[in-house]
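The values are calculated or read from the model by the stated rules, or taken from the named source; none is laboratory data. Predicted, not measured: the structure shown is a model, and the values here were computed from it. Cβ atoms come from the backbone with ideal geometry, glycine included; neighbour counts cover every protein chain shown. What goes into the accessible areas is simple: the full protein's heavy atoms, side chains included, and nothing from ligands, DNA or RNA. Shrake-Rupley method; radii C 1.70, N 1.55, O 1.52, S 1.80 Å.
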Amino acid sequence: MTSHGTMHAANGYRRKGPDYLNNPDMVAFTIGRVVMAKMMAGRPLSWNTLRARLMHIAEGDTVDLPAGVNAEMALAALRYLPALPEVSRFKG
């Protein structure tokens, strides 16, 4: 039995990665690190910028890479994020 599964990025390409990357806690860690890095840098953050940053990391961008985050982690996080937020879910 192998410890690697296939992960799919939002743009459709695949990459092998360890199964632990698919754990919701690792996804939360990855997203949290990316969000914190954006906030600490004073950069605007939105749903679209979060997805775009994760996609850049998944494609190998290492400029201002948050500590502890790598391309495989970004790919796993993208799998958990829907394309668009469910706006109606956030209405009071």
What distance in nm separates the simple spin-label points at residue 70 and residue 35, each placed 7 Å from Cα in the Cβ direction?
2.4 nm
Could you pull the accessible area for residue 20 with a 1.4 Å probe, rounded to 10 Å²?
130 Å²
Under 11 Å from the Cβ of residue 49, count the other residues' Cβ atoms, weight Lys and Arg +1, Asp and Glu -1, and hand me the total.
+4
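Once the Cβ-Cβ distance between residue 56 and residue 79 is put in as r, and R0 is 22 Å, what FRET efficiency do you end up with, to the nearest 0.05?
Numbers: r = 16 Å, r/R0 = 0.74.
Step by step, r from the Cβ atoms, then E = 0.85.
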